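Here's the structure, in structure tokens; my notes come after.
The values are calculated or read from the model by the stated rules, or taken from the named source; none is laboratory data. What you see is a predicted model, and the numbers here were worked out from it, not measured in a lab. Cβ coordinates were reconstructed from backbone atoms using ideal geometry, including for glycine residues, and neighbour counts include every protein chain displayed.
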Amino acid sequence: PGIQDPDGDGNPNVNGARERDFKMNLGADAKSWDSSARLLDTAFRVLADLADDGKLSKAEGKPALAALLAAQQPSGAIALDVGVQAVATWALAEAAIGDPSDAKLAQAKTKALDYLVGLAKPKGWPAWPGGHVDAETTRWARLVLSKIQPAAVVSIPVPAGEPTANYTQLTASLAAAKTIAIVALVFGIVIGLALRGGLKRRVAILSERNDGLSRERDTANTERDRLVTELKARDAQIRPLADEVDKLRRDAARAQTRSGVNNGATAIPQENSPIDPLDLGQLKGVGAKFAEKLKAAGITRIDQIAGWSGADVPVIDAQMGEFRGRIEADRLVEQAVLLTQGRYTEYETLFGKLGRA
């Protein structure tokens, strides 16, 4: 009493709050359907709705079917979990039977079926693509395919070992069931519990793998910190030697100048320098376009860059357009400081030969 058919589709269903809740759960973000648990629930909604009278209601069945179709990939895959893929394939197959005129639905069913069959190995189905054969997943895949395409399971042997209690209960219920409604109800309850258990096991495996990767990352970070410390120590050893070499270079340049004057040559009014302070292109990583960006921001000399503080860098960097981030990545301030201070040997040790690249 009180049941109405507000959709006018000939399929009375519970509407109102339940319908609003279901539509809210669908959400606007298609990526939310990547969750195997949610896809499994969606496939059950399709099957349960079809169990009423073979039709999909506008309130639940049709939105759920649309979600399955939206989640399907060009390969035919709907879910990474093979067990969920099997149930989703069964849901598409039952929906296609209910609406034989829908060519797109028939094509989606075929693609999902081919994908599921293609995952099978000589001894059964993996829990997920590329994994090892899983006995329980194989049982569920065989059970679903036996209802859709029996020929697909003929060559796949029954898995060894005892099936789970859930699987045994389901097969017994299917054998005793007299209506498709009872089949869908029992199937939804039992296989849902079984696959959720399988999902929990796989989540535990993935969590363990993630912990292993985290340990490897921590080890790598420790090694990186050790190398950074070692590099700083070596730089501290190299710097006095580099300063001494630079001093000898300057002394040699002054001696050459005095020698030129004594020989009647024109005196050089300032110390020779291997760099041009106005040529930004001498900084490693600064090409013609990058140099033009710097000049457009008012940066025309290398010593200007050497004078930047930590607060100056982000202000200038924000004006660099396509070269944003390059000031820090190419260590321009460090380069400019070494060149401005005449620490050429240290510069060449860190950044390579002086002059344009």
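Tabulated values for the structure
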| quantity | calculated |
| --- | --- |
| Selection from the range 59-69 of residues that are assigned to a helix (DSSP H, G or I) and not basic (Lys, Arg) | Gly61, Pro63, Ala64, Leu65, Ala66, Ala67, Leu68, Leu69 |
| Thr300, sole failed condition from (1) modelled with pLDDT under 90; (2) among the polar types (S, T, N, Q); (3) not in a helix (DSSP H, G or I) | (1) |
| Options Ala51, Ala37, Ala77, Ala71: the member that is touching a residue at least 60 places away in the same chain (Cβ under 8 Å) and under 23 Å from the mean Cα position of the chain (by Cα) | Ala37 |
| Subset of the range 328-357 (residues that are of a type in the set (Lys, Arg) and either farther than 23 Å from Asp317 by Cα or at pLDDT below 90 (or both)) | Arg343, Lys353, Arg356 |
| Boolean, Gln85 is within 29 Å of Asp53 (Cβ to Cβ), among the polar types (S, T, N, Q) and free of Cβ contacts under 8 Å to residues at least 12 places away in the same chain | no |
| Among residues of the range 277-302, those that are over 37 Å from the mean Cα position of the chain (by Cα), surrounded by 14 or more Cβ atoms within 10 Å (Cβ to Cβ) and either among the basic types (Lys, Arg) or closer than 12 Å to Leu339 by Cα (or both), counted | 6 |
| Residues satisfying the stated conditions in the range 315-357, i.e. more than 24 Å from Val245 (Cβ to Cβ), touching an Asp or Glu at 6+ places or on another chain (Cβ under 9 Å) and of a type outside the set (D, E, K, R) | Phe323, Gly325, Ile327 |
| Subset of the range 98-124 [more than 11 Å from Thr138 (Cα to Cα), charged (D, E, K, R) and surrounded by fewer than 13 Cβ atoms within 10 Å (Cβ to Cβ)] | Lys104 |
| Filter result for the condition that a residue is modelled with pLDDT under 85 and not in a helix (DSSP H, G or I), over Ser155, Ser101 | Ser155 |
| The range 207-255, residues that are aliphatic (A, V, I, L, M) and over 35 Å from the mean Cα position of the chain (by Cα) | Ala233, Ala236, Ile238, Leu241, Ala242, Val245, Leu248, Ala252, Ala253, Ala255 |
| Tally, over the range 70-95, of residues that are part of a helix (DSSP H, G or I) and surrounded by 20 or more Cβ atoms within 10 Å (Cβ to Cβ) | 15 |
